[in-house]
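**Q** Structure provided below as structure tokens; questions to follow.
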Amino acid sequence: MGTGRVAVLLFLTTALLQALLAPPAEGLVRIPLKKRPADGNGGLHDARRRGFLGSSNNDVAAAALNKAEAEEEGDIVALKNYLNAQYYGEIGIGTPQQRFTVIFDTGSSNLWVPSSKCYLSMACYFHERYKASQSNSYKKNGKPASIRYGTGAISGYFSLDSVKIGDVVDFIEATREPGITFMVAKFDGILGLGFKEISVGAAVPVWYNMVKQGLVDDPVFSFWFNRHAGEGQGGEIVFGGIDPNHYNGNHTYVPVTRKGYWQFDMGDVLIGGKSTGFCASGCAAIADSGTSLLTGPTAIITQINEKIGAAGVVSQECKAVVSQYGQRVIDQLLAETQPSKICSSVGLCTFDGAHGVSSAGIRSVVDDEAGESNGLFNEAMCNACETAVVWIQNQLAQNQTQDLVLQYINQLCERLPSPMGQSSVDCNRVASMPDIAFTIGGRKFTLKPEQYILKEGEGPAAQCISGFTAMDIPPPRGPLWILGDIFMGAYHTVFDYGNLKVGFAEAA
């Protein structure tokens, strides 16, 4: 979400959680999800967090499914689906209960809802607000808190009250929610399902308390998103188990490599069956229910843009690198120079790949005055060079001639992802677009065009948007992919807290 403040945040530090819709004795909590359609603004955490409407941080969808087998395994929350972009479900806070719709977000760890003391933010007037004075179980905390998401921010203070997925919980009453991100959102607040390592104020996440209090049989929760907006239940989140009706085949599990987010290792990304090269030696990935789209390194997203005809932006720095240094890069790759050292050897990056070497050395007063702009230019040239090396290396591996390699790389320089967020595509070309596959746990997880293209409207008025956005995270935390609702909609996702692993299987 973007930046801004929030209405009184209720950061709930769950203590005693009751079951959502199913009795605790069943060991399962089901939450139906509602789904809101995409409107071109990605999700809560969507990589550029350009506004909101696809968001997560991310969106929750669902409507409770009455399946006997699953009822015996855990608690289930039905989700609502808004245009395949926002998925949200309902919880209750206080005694008597005050109902709120929230996004169940695996990309954050706090619970917050708007406060009745949120007076200055318009967003609060469009949503339900928590009224502490009307709850018999409310306990004052008052500790200040603020959270910044990809497409928005909130601020407020902690309060303590019972939650319908549990009992006593520390949550944030949001008193400020600046901007339009939360104003146009279909949900009232966010319930984080990430690890405590990223919890603001060290608040104990709701999920931790559900496990501690024995409200679920197994320390596992799973997401099923219905990607057919307007058709039936939006989706479902099951706490304490897995609903076999939500997936086909078997899950492929990978270990969590870094607690905080649900992060794991991912391998190569293929476009139409061909390697993009960038993640062949490994990338990190996060399964994030709060992000609507798929976010990845610019080097790969640009290749995808070129193949699907997505509108992009022209990078003059990229073109300059190709025209002035392209042949030298090719020569060094053919000479088996280590790719990570090429840009520094041609003078565009320092050895750490962070700054242009031209910014080093003796500086004059004039240099100091122009230092900031020069630094930005040098960094842009360095980034363009590093991206070009990835592209050239991949093309040479496919035995392309040097002339064709440089021609293709120059074309990619005109397809860089828009810094404003998503890119539009021609709806008439969707059927001819390539499959995009992700390698996870040694298995290929394929997305077809109709799964990664968001379409709104029908006929001549239809608009289509690429489900891919770019964001570059440098080592050691990156390169990083954020697999949001587009991926989780195609693949049923299991978050195994007890064994610290994430599993994916074809969604039913």
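**Q** Would you mind working out the accessible area per residue for region 254-334, using a 1.4 Å probe, and quoting it in Å²?
**A** For region 254-334, the solvent-accessible area averages 33 Å² per residue.
**Q** Quick one: which of 263-269, 396-402, 245-251 comes out on top by average Cβ neighbours within 10 Å, and what's the full order, highest first?
**A** For the peptides 263-269, 396-402, 245-251, the packing ranking is 263-269, 245-251, 396-402.
**Q** Given a 1.4 angstrom probe, I'd like the percentage of the accessible area of region 198-309 that is carbon and sulfur, rounded to a whole number.
**A** Here it works out to 47 percent.
**Q** Now for a different question. Amide H to amide H under 5 Å from Arg176: which residues, 5+ apart in sequence or cross-chain, H placed 1.01 Å off N in plane?
**A** Val6, Ala7, Val8, Leu9, Ser155
**Q** Below 13 angstrom from the Cβ of Pro297, what's the summed charge of the other residues (Lys, Arg +1; Asp, Glu -1)?
**A** -2
**Q** Sticking with this structure for a sec: Select from region 257-344 those GluC sites (Glu not before Pro) which occupy a DSSP coil region and have at most 11 other Cβ atoms within 10 Å, ordered by residue number.
**A** Here the sparse-neighbourhood loop sites are Glu336.
**Q** Right, here's the next one. With all protein chains present, how much of the accessible area of region 381-502 (probe radius 1.4 Å) comes from carbon and sulfur, to the nearest whole percent?
**A** C and S atoms contribute 49 percent here.
**Q** Based on the alpha-carbon gyration tensor of region 396-508 and its eigenvalue square roots a ≥ b ≥ c, which shape applies: rounded if a/c is under 1.5, prolate if not and a/b is larger than b/c, or oblate?
**A** Judged from the Cα gyration tensor, region 396-508 comes out oblate (a/c at least 1.5, b/c at or above a/b).
**Q** Taking only protein heavy atoms and a 1.4 Å probe, what accessible area per residue, in Å², does region 372-508 have with all protein chains in place?
**A** Value for region 372-508: 45 Å² per residue.
**Q** A 21 angstrom limit on the alpha carbon distance is what I want to check against. Which of Lys139/Lys164; Lys34/Lys186; Lys341/Lys444 exceed it?
**A** Violating the 21 Å Cα-Cα cut-off are Lys341/Lys444.
**Q** Hey, if you drop one equal point scatterer on each alpha-carbon of region 222-348 and run the Debye formula without solvent, what base-10 log of I(q)/I(0) do you get at q = 0.09, 0.15, 0.18, 0.19 Å⁻¹?
**A** Those come out to -0.45, -1.01, -1.27, -1.36, one per q.
The values are calculated or read from the model by the stated rules, or taken from the named source; none is laboratory data. Note that the coordinates shown come from a computational prediction; the quantities given were computed from them, not determined experimentally. Here Cβ is always computed from backbone atoms with ideal geometry, including for glycine, and neighbour counts include all displayed protein chains. For the accessible areas, the whole protein counts, side chains as well, though only heavy atoms, and no ligand, DNA or RNA atoms are used. Shrake-Rupley method; radii C 1.70, N 1.55, O 1.52, S 1.80 Å.
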